[in-house]
1. Restricting attention to the stretch 125-172, report how many residues are within 16 Å of the ligand (Cβ to nearest atom) and either aliphatic (A, V, I, L, M) or out of contact with any Phe, Trp or Tyr (no Cβ under 9 Å at 6 or more places or on another chain) (or both).
2. Counting just the residues of the stretch 116-131 that are aliphatic (A, V, I, L, M) and not in a loop (DSSP other than H, G, I, E, B), which one comes out farthest from His190 (Cα to Cα)?
3. Within the set of pairs 6 or more residues apart or between chains, which connect a residue that is charged (D, E, K, R) inside the stretch 3-18 to a residue that is open to solvent by 10 Å² or more (accessible area, probe 1.4 Å) with Cβ atoms less than 7 Å apart?
4. Are there any pairs with C-beta distances below 6 angstrom linking a residue in the stretch 247-271 that is without any contact (Cβ under 8 Å) to a residue 24 or more places away in the chain to a residue that is of a type in the set (A, V, I, L, M, F, W, C) and part of a loop (DSSP other than H, G, I, E, B), with the two at least 6 apart or on different chains, and if so which?
5. Taking the conditions exactly as written (part of a helix (DSSP H, G or I), within 11 Å of the ligand (Cβ to nearest atom) and closer than 21 Å to Ser146 by Cα), does Arg99 satisfy them or not?
6. Being under 22 Å from Asp98 (Cβ atoms) and in a strand (DSSP E or B) is the filter; apply it to the stretch 43-59 and report the residue that is nearest to the ligand (Cβ to nearest atom).
7. If you go through the stretch 60-78 one residue at a time, how many are within 14 Å of Val17 (Cβ to Cβ), more than 10 Å from the ligand (Cβ to nearest atom) and assigned to a helix (DSSP H, G or I)?
8. Evaluate the following for Phe82: is it surrounded by fewer than 23 Cβ atoms within 10 Å (Cβ to Cβ), within 12 Å of the ligand (Cβ to nearest atom) and modelled with pLDDT of 95 or more?
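The values are calculated or read from the model by the stated rules, or taken from the named source; none is laboratory data. Source: prediction; values computed, not measured. Backbone-built Cβ (ideal geometry, glycine too); neighbour counts: all protein chains shown. Just so you know, the surface numbers come from the protein's heavy atoms only, side chains and all, with ligands and any DNA or RNA stripped out. Shrake-Rupley method; radii C 1.70, N 1.55, O 1.52, S 1.80 Å.
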Amino acid sequence: MTILLHQYDSSPFSEKVRICLGIKQLSWAAVDQPVIMPKPDLLALTGAYRRIPVMQIGADIYCDSVLIVRELERRFPEPTLFPARTPGIDQALAQWTDRSFFQAAVAVIFGGLGDAVDPAFKKDREQLSGQPFDPAAMRAAVPHMSGQLRAHAACISEQLSDGRQFLSGDRPGLVDATCYYNLWFVRSFHAPGAAAFEGLPGLDAWYDRVHAIGHGDRGTASREDAVDAARAGTPLEASVLAEDAALAGREVAAAATDYGRDPIRGTLVGSSLHHWSIAREDPRAGGVVVHVPRLTFALSPVQ
Ligand SMILES: N[C@@H](CCC(=O)N[C@@H](CS)C(=O)NCC(=O)O)C(=O)O
């Protein structure tokens with residue numbers, strides 16, 4: 001079944017997943033979604049989750065790059081995303097790259113772009129985050145955030161100091177993809193911000209090596225085709241952990257805990273230590289199962 005990645009090209013979290021697809025040399029199709037709301041075709045699949053990326057394989061819908069990567073490794077184990085055989089710590093690294101490292105990249109990019117940012121984008125992101133999008137405050141923070149960005153990047157340079165090709169050794173893995181995308185985001189969207197990376201030993205050569213991995217065998221699919229693929233598919237069998245037994249088969253709501261917190265509602269049909277699976281019926285997409293990670297999401301019963 002085709003791997004569909006709901007994405008847009010400028011999305012850094014999608015770039016993390018695209019590089020993982022490249023490491024695994026997988027065939028997949030990009031389903032381009034709008035950068036701002038409304039996203040009716042995406043919400044037909046997820047129920048409420050509007051963020052990008054979302055991976056779809058038939059009627060199984062995976063939210064969040066952290067869970068997408070985990071599922072890619074589960075379904076397509078070779079070549080592994082964990083060449084140093086350290087999958088736990090490699091996946092935990094997202095709590096650094098996707099948060100403080102990413103925040104520093106965002107601050108440097110949008111503080112640098114200032115008034116050049118599209119007003120519709122600003123308004124959308126204010127609604128998403130519940131915070132004002134204040135270019136003047138962002139500009140004032142650039143010197144500090146640029147220093148933070150450099151300190152994050154210096155950790156990558158330090159890891160490369162024994163001359164290794166990739167962060168885990170001779171072969172690329174998730175840690176490369178997850179560290180790379182923040183640098184890619186800054187370089188691609190506000191090149192002057194990349195001054196923060198200058199002179200860090202090994203960094204540029206490593207960046208070029210990760211860039212050269214590419215995105216695997218990329219095709220495209222329309223949003224309508226993706227909804228049709230969900231309707232035609234049958235979700236995988238799922239089972240609920242014993243510790244979640246009280247919620248099994250019950251109506252639940254799952255939502256991200258940081259931003260974009262609109263709850264996904266449905267029936268809890270699966271769980272593991274790393275995820276929850278929620279079955280829902282959609283008038284267009286039919287019966288789908290939406291999978292969310294446990295980390296950075298919350299699950300509650302619907303009364
Ligand atoms: N923790 C999420 C973060 C996803 C995220 O924030 N994605 C950005 C785009 S890179 C987004 O969805 N922005 C708002 C939007 O596109 O609606 C993940 O790892 O996938």
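1. 2
2. Per the stated criteria, the residue is Leu128.
3. Listed pairs, sorted by first residue: Glu15/Trp184; Arg18/His215.
4. Sorted first by the residue in the stretch 247-271, then by its partner, the pairs are Ala248/Val240.
5. Details: part of a helix (DSSP H, G or I): yes; within 11 Å of the ligand (Cβ to nearest atom): yes; closer than 21 Å to Ser146 by Cα: yes.
The answer is yes for Arg99.
6. Among them, the one singled out is Val54.
7. 5
8. No; evaluated as a whole, the condition is false for this residue.
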